[in-house]
Every structure is written in structure tokens, then in C-alpha cells.
Amino acid sequence: MEEKNLNQSEEKKSLSFVEQFVKEDLEAGKNGSRLQTRFPPEPNGYIHIGHAKAICMDFGVAEKFGGVCNLRFDDTNPTKENTEYVENIMSDIKWLGFQWGNIYYASDYFDKLWDFAVWLIKKGLAYVDEQTSEQIAEQKGTPTQPGVASPFRDRPIEENLRLFEHMNTPEAVEGSMVLRAKLDMANPNMHFRDPIIYRIIQIPHHRTGTKWHAYPMYDFAHGQSDYFEGVTHSICTLEFVPHRPLYDKFVDLLREYIKEQKAEGKAGDFNPDIVADSYDGTRQIEFNRLNLTYNVMSKRKLKALVDEHLVSGWDDPRMPTVCGMRRRGYSSQSIRNFIDSIGYTKFDALNDYALLEASVRDDLNKKATRVSAVLNPIKLVITNYPEGQSEQLEAINNPENEADGKHLISFSRELWIERDDFMEVAEKKFQRLAPGKEVRLKNAYIIKCDEEHPCDKDAEGNITTVYATYDPETRSGLPGADRKIKGKTLHWVDCATAVAAEVRLYDRLFSVESVDADGRDFRELLNPQSLVVLNNAYVEPYLKEKQAGDFLQFQRIGYFTVDLDSTPDHLVFNKTVGLKDSWKK
């Protein structure tokens with residue numbers, strides 16, 4: 001018995017509080033022990049890593065407990081929504097490794113929601129208000145002071161019905177009137193003070209065209225959509241906590257409406273298999289949002305960055321969007337691992353971007369192909385290597401996974417090495433190439449820099465060429481390769497076969513940890529070094545075979561990927577993350 005209790009305790013610890021609630025509901029037989037979640041994005045932008053956290057929970061909890069997660073687009077505001085966003089959201093969800101059961105749209109329910117709103121008017125529970133938005137906001141009062149009733153609150157039902165019909169005509173003027181629910185202007189929950197449930201928008205909808213001119217508000221459509229679909233668990237972020245009582249209120253009213261419809265023989269207007277008598281309704285559970293240092297998670301701000309051309313687009317590799325991270329070279333598993341590591345709580349927090357980068361490094365270390373690239377090149381001439389001779393050497397693709405195999409690299413008399421790997425006058429602790437010092441060339445030989453004539457310089461004094469000799473007995477794989485030296489191992493590429501490439505070094509988009517807390521306009525906080533483009537890099541020819549999205553490790557530099565702009569004639573690589581955290585305090 002003690003062992004059983006211990007196992008149950010350990011299982012409880014391994015589950016998030018959200019998963020624990022779901023488990024308890026299923027064991028209690030709620031909704032016939034059926035689990036149905038949904039991910040309900042508004043298609044008004046590309047999803048970011050904050051949405052990815054919700055995706056991992058909505059889809060993940062359904063997978064864990066044998067339920068289904070549907071995708072529903074909350075498309076109730078045609079001024080901001082379009083099919084481009086719909087398509088990209090679906091693509092990003094699939095890339096993260098999830099698959100929905102069904103696809104729904106809030107616009108699927110526009111007819112039902114309209115009829116429900118008409119029923120509310122007929123019951124004296126809704127009215128058309130012709131005040132301005134400013135007047136309505138002023139009359140709402142404060143959390144400690146009750147609101148003031150609208151002068152239109154008690155207008156006759158027939159007049160409300162006529163004006164509501166007018167709201168859904170091409171002649172209706174935006175902002176001239178709204179439909180409000182008649183609830184409680186003294187309720188301490190501000191959301192109950194006669195919330196707006198319909199407004200006029202004279203912009204064609206991406207799915208329904210010009211059929212509608214009045215559209216439901218999110219708070220009015222959201223709970224009802226959950227109910228129409230038979231959602232058992234509405235899992236959302238903490239800002240919806242004060243909305244929950246209103247969510248429940250509208251659903252309770254909807255139940256009354258459906259009950260009347262059934263009594264009048266109109267149950268066919270609703271799906272009886274979903275909205276059944278045994279349906280216990282939706283349990284709303286809230287968890288903390290994902291906030292990330294050196295980033296913003298506001299779609300409005302992200303859209304401003306795109307519209308004002310402060311970034312190259314929604315998929316700019318500096319953006320916290322899922323497609324941006326994908327283009328930068330993040331793996332979907334690394335994002336999921338990061339989200340799993342920070343967990344789900346009831347308290348908002350600012351997560352360290354370094355934790356995300358650590359997760360990316362950990363995953364890419366297992367997946368990335370090791371290759372050579374020289375970003376800031378100077379020429380190395382091995383003076384005792386025969387002119388005109390070259391040889392093929394073996395390079396291990398990934399020491400973490402033997403199954404990834406090997407590839408060949410060419411070696412000859414003239415090589416490119418990193419400029420920082422040579423110092424003409426070296427400090428004592430410098431362990432790279434310097435006059436009289438030995439280093440090993442990765443996968444090749446030990447070389448020694450010439451002491452009498454270590455380098456050539458141009459007219460401005462810049463080093464152009466470094467000279468060294470090699471020890472032919474020390475090639476990797478030969479017995480002499482075990483000879484110990486003090487110098488480090490350097491990467492290189494063969495001048496004879498190297499391919500020129502553009503390399504984009506990406507860094508954090510903003511220069512301060514908490515952009516929202518700074519107080520300045522977020523545009524002023526952009527990191528001027530968030531993108532540095534190198535146009536004189538060289539890579540080994542093996543990289544011409546790689547495709548956009550392939551995971552690469554430029555040895556001794558960091559993790560990279562091929563960019564979407566790359567072509568066979570102009571290779572372009574994005575820096576994903578360095579080999580170690582360069583932002584440590």
C-alpha cells in the first residue's frame with residue numbers, strides 16, 4: 001500500500017497542475033471521461049514561441065490522455081485577419097510536431113451566434129447602444145465604483161431588434177452603435193458591466209466575404225464556440241482569469257437558449273452528438289504566459305516591426321515567431337524541450353533567453369553535421385607541402401552519432417584560416433598560430449609557424465598571408481598524430497576548393513532584458529548588432545549539398561543553417577547560436 005501511494009505521489013509530481021486537473025476530471029467520469037481540447041489562435045499574425053507553449057499544452061495533454069485537440073481560428077475581426085496567417089499557423093503547428101483532429105472557425109458559428117444574440121434581445125438581456133466608445137468606457141466606472149447605466153439600456157425590445165438588423169447592413173456606419181449584453185453595471189468584475197457583444201465592421205471577411213457587417217466580440221464567440229464543439233477543457237493563459245465568470249455566464253445563457261430550441265423541435269440547429277444532455281460543459285484552466293528576455297510577445301509590436309521594415313519579415317531569424325526560429329535553425333524539438341523545462345505555473349515570469357539557447361545547443365549537438373567554415377579569412381601557405389598536390393581526408397559528420405557517417409575534405413598547400421587564429425606578436429598564453437608555435441589542423445596535420453618569415457602584410461600593415469611547415473607523420477589516423485603539442489586545434493578550408501559564402505550572424509533582437517518594463521518605445525531598444533553580414537567567408541564544397549533547414553555546426557564557431565535565400569551560386573548561412581553562451585554576466 002505504501003509503495004502504491006508513493007507511485008501515485010511521484011506521478012502527481014511529474015504532471016503539471018493542468019494535467020493533474022485533467023486527470024482528475026477523467027477519473028471522475030466528467031463528460032463521459034472524454035477529453036477534447038482546442039488551440040484557438042486569431043489569424044491576425046504569425047504565431048510566436050508564446051503560442052508554442054499553448055500549443056504544447058493543448059495538443060500535448062490530449063496526446064498524453066488519449067483525447068483530441070482541434071484547431072479553431074477565432075476569426076471574428078476581419079480588419080486584421082487573412083488566409084496567409086491561417087496557412088502559416090497550420091504550417092507551424094505541423095512543424096512543431098502536432099496534428100489536430102478537426103479544423104474549425106468561429107465564423108462557422110456566425111449564424112448560430114446571431115440567432116443567440118437575437119434571443120438575448122427578445123429576453124431583455126441585450127440592447128443596442130448608440131453611444132461612442134469613449135462614453136461607454138467612461139460610464140463603466142471603476143472596480144470600486146459602480147458604472148452608470150446607458151441611456152439606451154431600457155429601449156424597447158422591438159426597437160433593439162430593428163436596430164440590430166440594421167447593424168448587419170452595408171449602410172450601417174462603423175462605431176455608430178453596438179449590441180451590449182444587459183448584465184450588471186455594479187458588478188465588481190468590470191467584464192460584467194454590460195459588455196459589448198457585437199460591433200459593426202464594413203470590411204469583407206476572409207471566409208464569409210460580405211455576408212456579415214456586424215461581428216461578435218471575442219468574449220461572446222469564444223465560450224459559445226467551445227460549447228458548440230463540445231470542448232471539455234479550455235486551457236488558456238492567466239489574463240483570461242477575470243474573463244472566466246463571463247465565459248460561464250454566456251454559456252449558461254446558451255444552455256437555456258438550446259433548451260428552448262429543443263423544446264420547440266429545433267435541436268437540429270445544433271449538433272446533438274456534440275451538444276448532448278450528458279455534456280457537462282467546459283472547464284477553463286489558466287496557466288502563465290511565456291515571456292522571454294530581449295524579446296516582445298505582443299503581436300501588435302511584432303507586426304509594427306514587420307510593417308515598418310525594422311526586420312525583414314515575420315520569418316526574420318531574429319523574431320520570436322515560430323517560423324523565424326525555424327529559419328534561424330532552431331529545431332522543433334529544442335523549442336519543445338525548452339517549454340517543457342520552464343513548465344506551467346500560476347505565476348507570470350520572465351524567462352531567460354539563455355535557457356532557450358542552451359536547449360537549442362543541447363539538441364543540435366546531437367543532430368548537427370560538423371563542417372568547416374572560415375568567416376574572417378587569411379591565407380595559410382604550408383611551404384614544405386608539394387606544390388600542385390592535394391589529398392582527400394576524412395571528416396566525421398557527427399561524433400555524437402556514428403550512423404551519420406563521414407565525408408571527404410580536400411587538403412593542399414594553401415588554406416584559409418581564421419584571422420584571429422594568428423598573432424605575429426603573441427602573448428604568452430596564446431595557444432594558436434604564432435611564430436615558432438605548433439598547432440594541429442583539424443583532421444589533418446600538425447604545422448609550425450615560420451619564425452624568420454611568419455607572414456606577409458599589405459601596404460596598410462594588414463596581414464595577408466601566414467607561412468608554416470607541416471609534419472607529414474602527424475596526419476590524423478597515423479601513429480604520429482598522437483604527438484603532444486601545446487597549441488590548439490584549428491579549423492581550415494582548402495583554398496583550391498573553398499566556396500565563397502555569405503554568413504549572417506544573428507543576435508538578440510533587443511538590447512535590454514525586459515523590453516516591456518523599460519518604459520521607452522520598443523523601437524528605441526532594438527539591438528544595432530542583432531544582424532551582422534559577412535560577405536567574405538569560405539566554406540568547404542560539401543556544404544553545396546545542404547538544404548535550407550539542415551542543421552550544421554561550423555567547427556569552433558557555432559551552429560548554423562542554410563537560409564531560404566541561399567542558391568547554388570550564392571550560398572547563405574544563418575547563425576543559429578554560438579557554441580557557448582556569450583551573454584553570461
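The values are calculated or read from the model by the stated rules, or taken from the named source; none is laboratory data. Everything quoted here is computed from the prediction, not taken from an experiment. Glycine gets a Cβ as well: all are built from the backbone with ideal geometry, and neighbour counts include every protein chain shown. For accessibility, only protein heavy atoms count, side chains too; no ligands or nucleic acids. Shrake-Rupley method; radii C 1.70, N 1.55, O 1.52, S 1.80 Å.
Some values worked out for this structure:
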| read-out | value |
| --- | --- |
| Gain on full stretching of the segment that runs from Lys262 to His407 - 0.36 nm per residue minus C-alpha separation | 45.2 nm |
| Stokes-Einstein translational diffusion, the range 356-422 - Kirkwood Rh over all Cα pairs, 1.306 mPa s, 10 °C, in µm²/s | 110 µm²/s |
| Glu524/Asp352 FRET efficiency (R0 22 Å; Cβ-Cβ; nearest 0.05) | 0.45 |
| Point-to-point label distance, Phe152-Ala304, nm (Cα→Cβ direction, 7 Å offset) | 3.1 nm |
| Alpha-carbon gyration tensor eigenvalues x 5, square-rooted, for the range 469-585, Å | 36, 21, 11 |
| Chain lengthening between Asp565 and Ser16 when straightened (0.36 nm per residue, less Cα-Cα) | 193.5 nm |
| Cα centroid separation - the range 180-198 against the range 542-581, whole Å | 54 Å |
| Gained length - Leu161 relative to Met190, 0.36 nm times residue gap less alpha-carbon distance | 7.8 nm |
| For the range 244-261, 3J(HN,Hα) per residue [Karplus equation, 6.51 cos²θ - 1.76 cosθ + 1.60, θ = phi - 60°, Hz, x = Gly/Pro] | 4, x, 5, 3, 5, 4, 5, 5, 4, 5, 5, 4, 4, 4, 5, 4, 5, 4 |
| Reciprocal mean inverse distance between Cα atoms of the range 386-430 - Kirkwood radius, Å | 13.8 Å |
| Within the range 357-429, trypsin sites (Lys or Arg not before Pro) in DSSP loop having at most 14 other beta-carbon neighbours inside 10 Å | Lys428, Lys429 |
| Accessible surface, per residue, of the range 194-246 when the full set of protein chains is kept, probe 1.4 Å, Å² | 30 Å² |
| Geometric extent, Cα atoms of the range 103-185 - Rg, Dmax (angstrom) | 14.1, 43 |
| Amide proton proximity set for Thr369, modelled H, under 5 Å, gap of 5+ | Phe551, Leu552, Gln553 |
| Förster-model FRET efficiency, 30 Å R0, Lys123 and Lys211, C-beta, rounded to 0.05 | 0.70 |
| Loop-resident sites, the range 457-550, for GluC sites (Glu not before Pro), counting at most 12 other Cβ within 10 Å (DSSP) | Glu460 |
| Average accessible surface area per residue within the range 100-163, 1.4 Å rolling probe, Å² | 51 Å² |
| Rounded percent of accessible protein surface that carbon and sulfur make up, the chain, 1.4 Å probe | 48 percent |
| Solvent exposure of the range 341-428 as accessible area per residue, Å², 1.4 Å probe | 51 Å² |
| Radius of gyration, Dmax [the chain; alpha carbons; angstrom] | 31.4, 103 |
| Spin-label pair Lys94/Glu545, simplified geometry with 7 Å Cα→Cβ offset, distance in nm | 2.8 nm |
| Spatially proximal lysines relative to Lys112 (Cα-Cα < 19 Å; intrachain offsets below 8 disregarded) | Lys122, Lys123, Lys211, Lys249, Lys259, Lys262, Lys266 |
| Helix-derived mean residue ellipticity, 222 nm - over the chain, DSSP H n ≥ 4, -39500 (n - 2.57), to 500 | -8500 deg cm²/dmol |
| Angle in degrees between helix 218-229 and the longest Cα principal axis of the chain, rounded to the nearest 10 | 90 degrees |
| Two-site label geometry, Asn82 and Leu534: point separation in nm, points 7 Å out along Cα→Cβ | 3.7 nm |
| Nonlocal amide H pairs with Phe73, under 5 Å, H built at 1.01 Å | Tyr104, Tyr105, Ala106 |
| Using a Förster distance of 60 Å, the FRET efficiency for Val68-Leu478 (Cβ separation, nearest 0.05) | 0.50 |
| Hydrodynamic radius (Kirkwood) for the range 305-433, which is based on Cα pairs only, to one decimal in Å | 19.2 Å |
| Normalised contact order of the chain, rounded percent, pairs of Cα under 8 Å and 6 or more residues apart | 11 percent |
